[in-house]
1. What tally of residues in segment 12-35 results from selecting those that are open to solvent by less than 60 Å² (accessible area, probe 1.4 Å) and assigned to a loop (DSSP other than H, G, I, E, B)?
2. Quick check on residue 280: is it assigned to a helix (DSSP H, G or I) and at pLDDT 90 or above?
3. Inside segment 323-361, can you point out the residues that are open to solvent by less than 10 Å² (accessible area, probe 1.4 Å) and of a type in the set (Ser, Thr, Tyr)?
4. Picking from 9, 102, which residue would you name as being at pLDDT below 90, part of a helix (DSSP H, G or I) and open to solvent by 30 Å² or more (accessible area, probe 1.4 Å)?
5. Among the residues of segment 73-88, what is the count of those that are open to solvent by less than 30 Å² (accessible area, probe 1.4 Å) and either part of a strand (DSSP E or B) or among the basic types (Lys, Arg) (or both)?
6. When you go through (1) part of a strand (DSSP E or B); (2) open to solvent by 10 Å² or more (accessible area, probe 1.4 Å); (3) β-branched (Val, Ile, Thr) one by one for residue 375, which number turns out not to apply?
7. Can you pull out the residues in segment 36-63 that are among the hydroxyl-bearing types (Ser, Thr, Tyr), assigned to a loop (DSSP other than H, G, I, E, B) and closer than 24 Å to residue 98 by Cα?
8. Taking the conditions exactly as written (among the acidic types (Asp, Glu), outside any loop (DSSP other than H, G, I, E, B) and at pLDDT below 90), does residue 285 satisfy them or not?
Amino acid sequence: MGIRDLLSEVASTYDRTAGSRREVKGQQVLRGVASRTDLTLPPGFRAEGHGGQTTPAATPWIGIFDEQGMRDPKKGLYLAYIFSADLKNVTLTLQQGITWLEDRLGRGRAREEHLRHHATRLRRAVRRKERLDWVDEPDLRDTAARPRAYEAASVIAKVYDTAALPSDVALLEDLLLGVRSLRRAEEFDHVWWTSNEGDAVQLAYDLSSHARQVPESAADFDPLADFQPKDSGEYRVQISARQQVKQRSHEDLVKDFGLYAADRGYYPITRLQHPKDLVLRQGKDPEGHGPEWLVEAKVVRHGNATVAVREALGQLFEYRHFLYRDRPAPFLVGLFSEEIGVYAPYLEDQGIASVWRSDEGWDGSSKARDWGMTT
């Protein structure tokens, strides 16, 4: 037996109405997955079956977990074969953990929107040309909270008809592609979670209502439609049982330069761009069909530009590598709160333009002047 026979056996024996007791055949099959030795899995991966505990699962599933990586499906990324509620389909999907979000977002729409929003980000790391016959989300055919969350949490998915499953060789090829996609998505996810965002879980996403419509004419175009910099006011953080008041000078820097760039014919974008600080596009190309400028903002503290320049350079290269795999590489811009001296030509040698506040407003390196960002 192999993966094909296992999936076929679950589809033919699982019965949600039979309960979750140990003697129920479908539950026995799923609970026995972890001890099976006949499954051909990628090296370092193991399988576990899930059919519910006290309540039978509406959509039973088999997790494929990295033994050295994420072991808890409540949080993180993993691969899974998830069956539709009618058992007519089974989907190999790259999944996000869903359970850990319940305390913050509940089990309904807010959680689904967060998962779907982050899945969209993660797809940037997965090579499209390798997954031409894959989809974004499966249709699990159940309206309960957990199946709906599984749908929203899917980064990529390969759907199979359980009555006509492909060979074990074909299934393994898809699984190996899933592992490669998992690795790339994990790299991207690491960048996201280790960025300097105060709270990576955003509590409200209504993508449909906020999605920009293509303007019908030049008069309809708002160059600041997607420029939503964060509040620059003071904010309080709790650290070791004491409060500190911090200044959002970083947010002021992004906001002020974004407004300035808009006056110079650029279209500044911050909405849905995290962990990127700011993206600029040409004012006549808000939908991103042309070149894009990736801007990383850094505050120079105590007149020492060294740390700010190092951080900007590292993050610009990192974001370009992880976030632009399937589209043209962006132009790179370091944005600083004050002049960076000899580091401006140094960044130019690395292909990075620099812009900084000056007494007159804004100044910049030769690339920045060539691009019309400064005079």
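1. Adding up the residues that qualify gives 5.
2. Numbers: assigned to a helix (DSSP H, G or I): no; at pLDDT 90 or above: yes.
So residue 280 fails the test.
3. Of everything in segment 323-361, just one residue is open to solvent by less than 10 Å² (accessible area, probe 1.4 Å) and of a type in the set (Ser, Thr, Tyr), namely 354.
4. Among 9, 102, only 102 is at pLDDT below 90, part of a helix (DSSP H, G or I) and open to solvent by 30 Å² or more (accessible area, probe 1.4 Å).
5. The qualifying residues number 7.
6. Only one criterion in (1) part of a strand (DSSP E or B); (2) open to solvent by 10 Å² or more (accessible area, probe 1.4 Å); (3) β-branched (Val, Ile, Thr) is unmet by residue 375, namely (1).
7. Start the filter on segment 36-63 by keeping residues that are among the hydroxyl-bearing types (Ser, Thr, Tyr), which leaves 37, 40, 54-55, 59.
Narrowing further to those that are assigned to a loop (DSSP other than H, G, I, E, B): 37, 40, 54-55.
Within segment 36-63, 54, 55 meet the criteria.
8. When the stated conditions are applied, residue 285 does not pass them.
The values are calculated or read from the model by the stated rules, or taken from the named source; none is laboratory data. Owing to the predicted nature of the structure, the values given are computational and were not obtained by experimental measurement. Because the Cβ atoms are built from the backbone with ideal geometry, glycine has one as well, and the counts that use them run over all protein chains shown. Please note that ligands, DNA and RNA were not included when accessible areas were found on the heavy atoms of the full protein model with its side chains. Shrake-Rupley method; radii C 1.70, N 1.55, O 1.52, S 1.80 Å.
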